[in-house]
Amino acid sequence: MFNKNSSVEEIINLNGSVYLIKIYSPEIAKQIKPGQFLNVKVSDSLAPLLRRPFSVSNVEGDYLFLMVNLLGEGTKILTSKKKGDPLDILGPLGNGFNLDGDYELAVFAAGGIGEAPFPFVYKTIKGAKEIISFIGGKTAKEVVEYGIENPYISTDDGSLGFKGNVVQLMEQKKELLSSKKIKIFACGPTPMLKAVQGFAAKNNYECEISTESAMACGFGICQGCAIASAHQSEKYLLVCKDGPVFNAKDVVL
Ligand SMILES: Cc1cc2nc3c(=O)[nH]c(=O)nc-3n(C[C@H](O)[C@H](O)[C@H](O)COP(=O)(O)OP(=O)(O)OC[C@H]3O[C@@H](n4cnc5c(N)ncnc54)[C@H](O)[C@@H]3O)c2cc1C
Ligand code: FES
């Protein structure tokens with residue numbers, strides 16, 4: 001699970017503060033599944049102390065791709081790395097999306113950097129299922145169209161695509177979702193996931209959501225990433241170990 005045989009191959013700016021980081025990591029690339037994540041030690045020094053979790057955005061041969069939004073100290077160090085810099089990565093971690101099943105239409109709902117896991121999901125099910133993608137951001141600068149074909153786009157300020165949020169856009173395009181057996185796959189900020197959860201429940205769609213939480217260990221030891229369970233049999237679930245992807249019916253957001 002610890003993988004030190006990894007190094008940065010290339011970093012490109014996709015849009016605004018979002019970067020695509022290509023990483024040579026043959027062992028993890030062989031094992032990782034869509035929706036799983038890595039816990040990355042961004043620096044050899046003590047600061048920042050904790051690893052930073054990132055979804056795997058894509059896999060090509062021996063290479064992994066991360067889609068990283070430059071936010072604070074950790075992502076600043078990570079996106080400033082150079083070709084050949086070694087990376088200390090822990091992974092694959094968590095449970096990814098369950099892409100099997102008898103649904104006919106996969107609906108992707110991504111908010112902001114929540115688009116990160118979808119290129120890998122898209123590549124994995126393309127050809128096997130029909131796919132419709134919805135990508136939302138606050139502004140055009142937050143929308144990244146990497147690795148997904150022909151997405152419907154929304155922005156809160158109307159600077160690109162539909163003016164409104166991604167769930168409002170899905171409501172508007174509901175005729176596209178009416179005649180098929182649907183499964184929604186969602187990733188984004190918690191308020192968005194909550195709205196998607198409600199939309200899926202209202203329409204009786206299957207739905208999986210990829211959740212976020214502050215993390216330390218990344219594999220179930222520190223209990224720092226608890227999320228409330230929707231079932232009485234257990235009070236909490238751990239985002240790092242039981243998730244980050246959950247059936248939308250299993251968690252309270
Ligand atoms: C399972 C999982 C998968 C993730 N996948 C990705 C991914 O693919 N790409 C990506 O860019 N990010 C992803 N994240 C979020 C990413 O881990 C954080 O953005 C990153 O740790 C921030 O580190 P930093 O040191 O740059 O910011 P920090 O210095 O730690 O924080 C800077 C500021 O941002 C706030 N902040 C930190 N994390 C978040 C967050 N998750 N959401 C909102 N505000 C936050 C802090 O409170 C602080 O105000 C994922 C998180 C989880 C739990
Ligand atoms: S991050 Fe430590 S238990 Fe989840």
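The values are calculated or read from the model by the stated rules, or taken from the named source; none is laboratory data. For clarity, every value in this text was computed on a predicted model and none was experimentally measured. As a convention, Cβ positions derive from the backbone with ideal geometry for all residues, glycine included, and neighbour counts pool all protein chains shown.
Annotations
- Considering residues of segment 117-143 that are of a type in the set (Gly, Ala, Ser) and touching an Asp or Glu at 6+ places or on another chain (Cβ under 9 Å) only, the residue farthest from Val196 (Cα to Cα): Ala140
- Members of segment 35-64 found to be under 13 Å from Gly91 (Cβ atoms), assigned to a strand (DSSP E or B) and not charged (D, E, K, R), listed by number: Phe37, Leu38, Asn39, Val40, Pro53, Phe54, Ser55, Val59, Leu64
- Among strands (runs of 3 or more DSSP E) entirely within segment 189-253, having at least 1 residues that are closer than 16 Å to Phe108 by Cα and either in the same structural domain as Gly35 (by TED's automatic domain parsing) or among the β-branched types (Val, Ile, Thr) (or both) singles out 206-210, 245-247.
- Odd one out for Val59 among (1) aliphatic (A, V, I, L, M); (2) surrounded by fewer than 19 Cβ atoms within 10 Å (Cβ to Cβ); (3) out of contact with any Leu (no Cβ under 6 Å at 6 or more places or on another chain): (2)
- Residues that are closer than 17 Å to Leu193 by Cα and of a type in the set (S, T, N, Q) were ranked within segment 212-246; the one that is farthest from ligand 1 (Cβ to nearest atom) is Ser229.
- If you go through segment 211-235 and pick out every residue that is surrounded by 13 or more Cβ atoms within 10 Å (Cβ to Cβ) and either touching a Phe, Trp or Tyr at 6+ places or on another chain (Cβ under 7 Å) or over 27 Å from Gly72 (Cα atoms) (or both), you end up with 5.
- Of the residues making up segment 42-73, just one is within 15 Å of ligand 2 (Cβ to nearest atom), in contact with a Lys or Arg (Cβ under 9 Å, 6 or more places away or on another chain) and modelled with pLDDT of 95 or more, namely Arg52.
Conditions tested, residue by residue: (1) without any contact (Cβ under 8 Å) to a residue 12 or more places away in the chain; (2) aromatic (Phe, Trp, Tyr); (3) over 27 Å from Asp100 (Cα atoms).
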| position | (1), (2), (3) |
| --- | --- |
| Val167 | no, no, no |
| Lys194 | no, no, no |
| Glu206 | no, no, no |
| Ala216 | no, no, yes |
| Ile221 | yes, no, yes |
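- Residue that is modelled with pLDDT under 95 and under 19 Å from the mean Cα position of the chain (by Cα), where the choices are Lys129, Lys180, Lys141, Lys174: Lys141
- For segment 23-65, a residue qualifies if it is within 11 Å of ligand 1 (Cβ to nearest atom), over 23 Å from Asn98 (Cα atoms) and touching a residue at least 24 places away in the same chain (Cβ under 8 Å), and the qualifying residues are Val40, Val42, Ser43, Ala47, Pro48, Leu50, Arg51, Arg52.
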